[in-house]
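Undergrad: Structure incoming, see below.
The values are calculated or read from the model by the stated rules, or taken from the named source; none is laboratory data. Just so you know, these numbers come straight off a predicted model, no measurement behind them. Neighbour counts are summed over all protein chains in view; Cβ atoms, including those assigned to glycine, are modelled from backbone coordinates with ideal geometry.
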Amino acid sequence: MTGTRACARTLCVSVVAVVLASLLLGGCSSGNKKPPRATPARPFVLRDVPGPLRGTVGSVCQIQGLQPVLASGLGFVVGLNGTGGLPLPSDVAAHMEREMRLQGIGSATSLGGSVIEGQTARQLLTDANTAVVIVQAAIPPGSPEGTSFDLYVRALNATSIEGGTLWTTDLRLGLPSAFRARQARIIAQGRGPIFINPFAEPGQETDGVTRTAGRILDGGVSTQAIEMILLLDNSSHSMARSITTAINARFPTGRGDRSPPAHGRDADSIRVRVPYAYRDKQFEFVQLLQHLPIDQTYPEATAKRLADALVREPQYGDEISWALQAVGPQARPFLRELYEHPEYVPRMAALRAGSGLNDPRAVPHLIEIAKRGMDVYRTAAISMLSKIDGGPDIEQSLKELLAEDDLTVRVAAYEALASRAEKAQLQRLVALERRDRAVTTRRPYEYLAALSRTYLPEGTMQGVSRQLVSDKFFLDRVPVGEPLIYITQQRVPRIVLFGEGSKFKEPFISSMWSDRLMITSDSPGEPLRVYYRTQSMMSRGEAVAGTSSVVTHEFRGGLTDLIAFMAHAPTPENPKPGLAFSYSEVVGALYGLYKDDAIDVQFSTERDRLISEIIRLSDSGAIELRPERAGESVELVVFDNPTFLPAAANEMRDPSLNSLLIPLRQGSVETGQDN
């Protein structure tokens, strides 16, 4: 017992000694510790949000990345007609020489058989048939990798870039970087033939039309995804998790997706990318994201609350419509109760959400509005019909609208039918692929999707056929209604022929481009005669004698055959006669025929919006892009001079409609006078 007590006393003394030593050491080291850094308290943010929209992602977050992204670069254009090669600033020339050498163009270059064979980078920069250009683009917000877009190019050392082709150019974030300065990261690439005003006379530089700037239709491709960041107003791990869960539940991983769209980074932010299914519908995805209810527990109750609010507070019709669509299929029963609402705003808001949710019960109501509704809602209803996987009633109704007198309705119906024809073609291609090919040899879905937009056969339910003309543009045929030529000037180049067999008004004589192109017909039934004199090579602003050639040809056929003849470039493999016109030149020739009253058709073209958007971006750095509202009609602006583009004043335009229509009247481009 005595030994045990002695051991206990010894143990207690040891423990006390250890504790005292620890306290002493702690006291000595405490003087070396830095005081804790004060964390600034963030003020609590409480947004003034309309009652129906409380509890949505946009009510508690700021979305970073809703602006279109400006991308720029310096590019090299070839194929000019002696209008380039002017002196460049020394720093620009040095920069271009370096970039060209990095691409394999240098003193040892030997591109056999090409126009630049054996030339150095410096020699190419001073060649009269080349030019250096500034390339700019406005990449849509949230664009995934591989998104295509138009480019805007402006010459730095050429009097004209007409007929030129841009070599592959890296596009970097923001404005062109200062030379010898740090370069921004590459986010896209651009290349392709330059498209200038198709109503300007080729080779004529005294008509007041700018030829030092142009566009490359669909010539840019993003090489990096443009992600969006959700910044929470108030830091909260639980809220960030709830938002991430809600987004991933509403947009589950599907074909083409490598991961869920939302990834929480911390208590303050969430990274979001556009799902593959919305790669061509970024606007729609952003709207659904902003209006997505965070609480996904009772979607039916949320839909009922929003539907009641739509009737009670119609001033928030657009926002509530997106919120109802964001709820998902559970909202359909509550939307259907509003499809026949006597007031247009709740009715159209419900129908728009229903079309976005692919509700077939919305079809008869949309058909009624498209045919007999108020003008401001007709084109919106047509656009909504194009999204629903309905039966033949949709196709039949849209084909009836192709014969309307209203040009905006006709073109809206065509665009809807073309979209539905592409979807049907894709379904056929996928079915054939599964039937005829083994799993290991099947072509990728992306390839089939691209193929479905390239060719549309005749005789389909949609009534729209399509062919690729000389790898330059698409020619669509819509054999319904009065003859009409519809021209696109942005994104994919297309010429659309409406009506059954557009015919020439024989006899006729059509002369254009200072008599370099003449098309004549002496009498009905006689072959058309075509005379074309190519442009002379230019040297120091003067035409070089003996450098032009003349092409004459006679053929029988209609307008479709003439378009193919003008676009075709004879080759040893295909020596069939042709004029080798670009898309821009073909459009200009068609307008010349129309202006000379050689064809009895109407003429309508898209309005270009690319340049104005880039100017806004350049002037303000990062400008908030105000989304255009869905359910809007297309303004029709009539003007005599197609080189003048009047300002748009449209507050009701569907974002799925990519064009404002401009019908052209017969008259002189220079004088604007009617014939």
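Undergrad: Kindly establish whether ALA21 is modelled with pLDDT of 55 or more, over 30 Å from the mean Cα position of the chain (by Cα) and surrounded by fewer than 15 Cβ atoms within 10 Å (Cβ to Cβ).
TA: Working: modelled with pLDDT of 55 or more: no; over 30 Å from the mean Cα position of the chain (by Cα): yes; surrounded by fewer than 15 Cβ atoms within 10 Å (Cβ to Cβ): yes.
Considered against the rule, which asks whether it is modelled with pLDDT of 55 or more, over 30 Å from the mean Cα position of the chain (by Cα) and surrounded by fewer than 15 Cβ atoms within 10 Å (Cβ to Cβ), ALA21 comes out as no.
Undergrad: Still on this structure, please answer the following. Yes or no: ASP393 over 24 Å from the mean Cα position of the chain (by Cα), modelled with pLDDT under 95 and either among the polar types (S, T, N, Q) or in a helix (DSSP H, G or I) (or both)? I'd like the intermediate steps shown before the answer.
TA: On the way: over 24 Å from the mean Cα position of the chain (by Cα): yes; modelled with pLDDT under 95: yes; either among the polar types (S, T, N, Q) or in a helix (DSSP H, G or I) (or both): yes.
Yes; evaluated as a whole, the condition is true for this residue.
Undergrad: Follow-up. Where in the range 279-337 are there helices (runs of 4 or more DSSP H), lying wholly inside it, with at least 3 residues that are of a type in the set (Lys, Arg)?
TA: Details: elements: 282-290, 299-312, 317-327, 332-336.
It comes to 299-312.
Undergrad: For a quick check of your reading of the model, give me the residue pairs whose first member lies in the range 72-93 and is within 20 Å of TYR152 (Cα to Cα), whose second is outside any loop (DSSP other than H, G, I, E, B) and among the acidic types (Asp, Glu), with beta-carbon atoms closer than 7 Å and at least 6 apart or on different chains.
TA: Pairs that qualify, where the first residue is within 20 Å of TYR152 (Cα to Cα) and the partner is outside any loop (DSSP other than H, G, I, E, B) and among the acidic types (Asp, Glu), are GLY73/ASP170.
Undergrad: Restricting to the range 443-457, what's the tally of residues that are over 13 Å from ALA424 (Cβ atoms) and either touching a residue at least 40 places away in the same chain (Cβ under 8 Å) or among the basic types (Lys, Arg) (or both)?
TA: Matching residues across the range 443-457 total 3.
Undergrad: Anything in the range 388-442 that is β-branched (Val, Ile, Thr) and without any contact (Cβ under 8 Å) to a residue 12 or more places away in the chain? List them, or say none. Write out each step before concluding.
TA: Filtering the range 388-442 for residues β-branched (Val, Ile, Thr) gives 388, 394, 408-409, 411, 430, 439-441.
Those that are β-branched (Val, Ile, Thr) and without any contact (Cβ under 8 Å) to a residue 12 or more places away in the chain: VAL439, THR440, THR441.
Undergrad: Looking at ARG279, is it among the charged types (D, E, K, R), farther than 30 Å from VAL221 by Cα and either surrounded by 17 or more Cβ atoms within 10 Å (Cβ to Cβ) or in contact (Cβ under 8 Å) with a residue 12 or more places away in the chain (or both)? Steps first, please.
TA: Values: among the charged types (D, E, K, R): yes; farther than 30 Å from VAL221 by Cα: no; either surrounded by 17 or more Cβ atoms within 10 Å (Cβ to Cβ) or in contact (Cβ under 8 Å) with a residue 12 or more places away in the chain (or both): yes.
Spelling it out, it is not the case that ARG279 is among the charged types (D, E, K, R), farther than 30 Å from VAL221 by Cα and either surrounded by 17 or more Cβ atoms within 10 Å (Cβ to Cβ) or in contact (Cβ under 8 Å) with a residue 12 or more places away in the chain (or both).
Undergrad: Would you check if there is a residue in the range 627-644 being outside any loop (DSSP other than H, G, I, E, B), modelled with pLDDT under 90 and either buried (at least 19 other Cβ atoms within 10 Å of the Cβ) or not polar (S, T, N, Q) (or both)?
TA: Step one: list which residues in the range 627-644 are outside any loop (DSSP other than H, G, I, E, B), which gives 636, 639.
Next, only the ones that are modelled with pLDDT under 90 stay: 636, 639.
Restricting the remaining residues to those that are either buried (at least 19 other Cβ atoms within 10 Å of the Cβ) or not polar (S, T, N, Q) (or both) gives 636, 639.
The answer is yes; a qualifying residue exists.
Undergrad: Restricting attention to the range 417-446, which residues are part of a helix (DSSP H, G or I) and among the aliphatic types (A, V, I, L, M)?
TA: Filtering the range 417-446 down to residues part of a helix (DSSP H, G or I) leaves 417-436, 439-441, 445-446.
Matches in the range 417-446: LEU417, ALA418, ALA421, ALA424, LEU426, LEU429, VAL430, ALA431, LEU432, VAL439.
Undergrad: Answer yes if at least one residue in the range 382-390 is acidic (Asp, Glu), modelled with pLDDT of 90 or more and either on the phi > 0 side of the Ramachandran plot or not in a helix (DSSP H, G or I) (or both), and no otherwise. So that I can check it myself, show each step before the final result.
TA: Taking the range 382-390 first, the residues acidic (Asp, Glu) are 389.
Still in the list and also modelled with pLDDT of 90 or more: 389.
Pick out the ones that are also either on the phi > 0 side of the Ramachandran plot or not in a helix (DSSP H, G or I) (or both) and you get 389.
Within the range 382-390, one or more residues are acidic (Asp, Glu), modelled with pLDDT of 90 or more and either on the phi > 0 side of the Ramachandran plot or not in a helix (DSSP H, G or I) (or both).
Undergrad: Got a sec? Which of VAL345, VAL376, VAL411 is hydrophobic (A, V, I, L, M, F, W, C), over 30 Å from LYS304 (Cβ atoms) and part of a helix (DSSP H, G or I)? Quick ask: steps written out before the conclusion?
TA: Details: VAL345 fails: over 30 Å from LYS304 (Cβ atoms); VAL376 fails: over 30 Å from LYS304 (Cβ atoms).
It is VAL411.
Undergrad: Could you please find all residues in the range 461-490 being part of a loop (DSSP other than H, G, I, E, B) and without any contact (Cβ under 8 Å) to a residue 24 or more places away in the chain? Talk me through it step by step, then tell me what you get.
TA: So the first thing to find is which residues in the range 461-490 are part of a loop (DSSP other than H, G, I, E, B), and the list is 461-464, 470-472, 479-483, 488-490.
Result: ASP471, PRO479.
Undergrad: Let me ask something else about it. Among the numbered criteria (1) in a helix (DSSP H, G or I); (2) in contact (Cβ under 8 Å) with a residue 24 or more places away in the chain; (3) more than 20 Å from GLU300 (Cβ to Cβ), which one does GLU340 miss?
TA: With (1) in a helix (DSSP H, G or I); (2) in contact (Cβ under 8 Å) with a residue 24 or more places away in the chain; (3) more than 20 Å from GLU300 (Cβ to Cβ) applied to GLU340, the lone miss is (1).
Undergrad: So, one more: Closer than 20 Å to PHE581 by Cβ, touching a His at 6+ places or on another chain (Cβ under 9 Å) and either modelled with pLDDT of 90 or more or outside any strand (DSSP E or B) (or both): is that true of TYR532 in this structure? It would help to see each step written out before you state the result.
TA: Values: closer than 20 Å to PHE581 by Cβ: yes; touching a His at 6+ places or on another chain (Cβ under 9 Å): yes; either modelled with pLDDT of 90 or more or outside any strand (DSSP E or B) (or both): yes.
The answer is yes for TYR532.
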